[in-house]
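Inspection log for the structure reproduced underneath, given as structure tokens.
The values are calculated or read from the model by the stated rules, or taken from the named source; none is laboratory data. This is a predicted model, so every value here is computed, not measured. Virtual Cβ from ideal backbone geometry, glycine too; neighbours counted across all protein chains shown. We work out accessible area using only protein heavy atoms, side chains counted, and drop any ligands, DNA or RNA first. Shrake-Rupley method; radii C 1.70, N 1.55, O 1.52, S 1.80 Å.
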Amino acid sequence: MKKLILAFFLVFVSAIALAQSSKDLTVIGDKLVGTTIDGYSVRKVIGNVVITQDDLVINCNIAYQYITLKKIILVGDVVAVQDTVTLKTEKGFYDGNNKYAWSDTALYMDDGHINLTADSGNYSFSTKIANFFENVELIDTINTLNCDRLHYNYKNNKSVSVGNVKIADTTGTIYCDSLIHFRDTQLAYAYKNVKILGEQKGAVILGEELINNTAEKYSKITGNPILFQIDTTKTGKIDTLLVSSKIMESWSDSTKRLVVTDSVKIIRGKFSALTDNATLFRETNNIFTFRKSDEHKPPVMWYGNSQVVGDSIRIFLKNKALRNINIVQDAFILTRSDSFDLRFDQISGKKIDMYFGAGELQKTFVDGNVLSIYYMYDGGKPNGLIKSSGGVAKIYFDSSKVADVRLYDQPVTEYHPEVLVEGAEKEFTLPQFLIYKNRPDKELLLNLFVKRERLSGR
């Protein structure tokens, strides 16, 4: 008797299981038509079609259900809903075996965090992974992303974009060949032909790889990045800034600064610089550079015929025009003569301040252990030189030429007549005298920028 009851119980349980399995995927509508397609039994359901499977609900106008295959063709106003995910398209396909849907027509997806559109795509309701193709656009509360192909994981809010990628937020726009983006952490990794349009108008950075942390307002660009920026001064003069390096790091916080490292070249207007590191402040356009304790070469800056060297060089601008330059510690300025290649005016001190007006050098103040050598001319002809020392020096310029030199604090001056100078110019040098090479060339750097931008195709 117990065996009979047990057998009856097992049969009863099996029957329930079969009933549940048959209800795993249901299709209902206003009208049902049976037919055969390619040897398969197909039910055509017409009008107000509702398809359910577990927590998934699909609505459409017409459904072609392949009964044995558990696959359905969906036609007209297709809407699929699972939890917070909604998919919409005009024509789609659904595989009930794998809870997988796809469409080769324009589709729309909303998961409560993002809105996504594309020409075609697919979505797994089991793994919650989507793939979208052609004219893909993803919009969330912060970013707008466009690309050719996109892989999106709903569970971890991760997207992988490939082909003509563009992502924009309030801080700027990034273009690249491929990009990995994490919505929760606001982290983005861009690869190959990276182009960045910053929040500052007219600024463009080209590189090969980018890490962008929107939450921390931080970006890091590698792959020999180049910065190109166009500025218009208060007087209407157009000026350009070119910067190249091995690494660029940008902070969009209150400091709004760009830190460039390794093999740094800077060109702005009439001045250029070569250094291992520099900081550019985007709001003021000021540029700071300094020699680190483990660096042998100091920062070097050129302005016209002058070469400027020091442990720290700070360039200040006002209304986007050069205002003054500060050189601190082992400061040295060397200026080549326009007419005589071997004649260099020289001045050194602990600190040098250069002041500019209307784009021209107007005065220079030197403080601490001042040493100087200035060549003299009479009617354009060489007329010896003056070698001086003191505690403080003030040099005034007219049309960028030395007009007056004043020494203070125990000044000592020596005049060397031309007869003793001619042919012996190399003997009249200060201890820091050194001509640095590899002055950045604006045309070469600009051509490199243009070439890389063309290769990026953007």
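The table below gives the values:
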{"item": "Rg over Rh, two decimals, region 148-287 (C-alpha only, Kirkwood Rh)", "result": "1.01"}
{"item": "Subset of K246/K426; K91/K128; K217/K350; K128/K220; K318/K442; K217/K442 violating a 29 Å alpha-carbon distance limit", "result": "K246/K426; K217/K350; K128/K220; K217/K442"}
{"item": "Probe 1.4 Å, protein heavy atoms only - accessible area per residue of region 265-314 in square angstrom", "result": "41 Å²"}
{"item": "Gyration tensor verdict on region 253-335 (Cα atoms; rounded if a/c is under 1.5, prolate if a/b is larger than b/c, oblate otherwise)", "result": "oblate"}
{"item": "Around L32: net Lys/Arg minus Asp/Glu count, Cβ-Cβ under 9 Å", "result": "+2"}
{"item": "In degrees, nearest ten, helix 442-456 long axis to first principal axis of the chain (Cα)", "result": "10 degrees"}
{"item": "Neighbour net charge for E422 - beta-carbon separation under 15 angstrom, K R +1, D E -1", "result": "-2"}
{"item": "Within the chain: Cβ-based charge dipole about Cα centre, in debye rounded to nearest 20 (Lys, Arg +1; Asp, Glu -1)", "result": "620 debye"}
{"item": "Inter-part distance where region 261-302 and region 322-374 are each reduced to a Cα centre, Å", "result": "17 Å"}
{"item": "Shape call, the chain: gyration tensor on alpha carbons, a/c limit 1.5", "result": "prolate"}
{"item": "Global form of region 210-300, assessed from the alpha-carbon gyration tensor, a/c cut-off 1.5", "result": "oblate"}
{"item": "Carbon/sulfur fraction of accessible area - the chain, other protein chains in place, 1.4 Å, %", "result": "54 percent"}
{"item": "Rounded tilt (10° steps) of 2-22 against the dominant C-alpha axis of the chain", "result": "50 degrees"}
{"item": "Residue-normalised accessible area of region 347-424, expressed per residue, 1.4 Å probe, Å²", "result": "55 Å²"}
{"item": "Cut-off 15 Å between beta-carbons: net charge of the residues surrounding D378, Lys and Arg +1, Asp and Glu -1", "result": "+1"}
{"item": "Positive-pole candidate from T255, I139, T170, dipole of the chain, charges at beta carbon", "result": "I139"}
